[in-house]
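J.: Dropping the structure in here first, questions after.
Bear in mind that the values in this text are calculations on the coordinates, not laboratory data. Keep in mind that this is a model prediction, so the values were computed, not measured. Cβ: placed from backbone, ideal geometry, glycine included. Neighbour counts: every protein chain shown.
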Amino acid sequence: MTEGYPGPECVYKPVAGLPKTSSDDPHTDNMKLVVLACLLAVAAARPDKDATILADERSDDGDGNFYYRFETSNGIKKEKTGTPGVEGQSNMVGSFQFPLDDGSTATFTFVADENGYRVESPLLPPIPAYVQKQIDFARSQGKRR
């Protein structure tokens, strides 16, 4: 055995009942994508230390149904509605937008549910044919389970 090598007893062993990787849990992956999209929206927005909140509405029924919307004076807007999903997840529908340096506005709409996270925007490039082929193949394999 090489010095410094931890030996086979230190090999990672998954805990029973927990996913081996985040990709084994689509709900975790969906939430990561939602958080990433929000962070991108904030990072892409031009900083404005003098921005004020124009609207801030929040509603949470405590049963998985929620709604929130906010808008700032520098053009950032976000709106999200959540409902309980059939597989125990929280389904979300919403949009966010922020101003771009050229004066235009970036707008994104999204749906996150048992079918994954789907975002649409005229700023996103189209899916290449070879990627769509892989997506279609993956869906067909999922239906065979």
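J.: Compare the peptides 90-96, 132-138 by average per-residue count of other Cβ atoms within 10 angstrom and give them in order, highest first. Don't skip to the answer; put the middle values down first.
T.: Numbers: 90-96: 18.0, 132-138: 10.7.
The peptides rank, most packed first, as 90-96, 132-138.
J.: Can you pick out the pairs among Lys78/Lys143; Lys32/Lys77; Lys49/Lys78; Lys49/Lys80 whose Cα atoms lie more than 29 Å from each other? Each step should come with its number before you reach the end.
T.: On the way: Lys78/Lys143 34 Å; Lys32/Lys77 20 Å; Lys49/Lys78 18 Å; Lys49/Lys80 25 Å.
Where the Cα-Cα span goes over 29 Å, the pairs concerned are Lys78/Lys143.
J.: Give me the number: length gained by fully extending Glu87 to Thr109, i.e. 0.36 nm times residue separation minus the C-alpha to C-alpha distance, one decimal in nm.
T.: On the way: separation 22, 0.36 × 22 = 7.92 nm, distance 2.27 nm.
Result: 5.7 nm gained on full extension.
J.: Shifting gears a bit: Would you work out if the range 44-129 is rounded, prolate or oblate? Take a ≥ b ≥ c from the square roots of the eigenvalues of the alpha-carbon gyration tensor; rounded if a/c is under 1.5, else prolate when a/b is larger than b/c, oblate otherwise. Intermediate values should be presented prior to the final figure.
T.: On the way: a/c = 3.94, a/b = 1.24, b/c = 3.19.
Because a/c hits 1.5 or more and a/b fails to exceed b/c, the range 44-129 counts as oblate.
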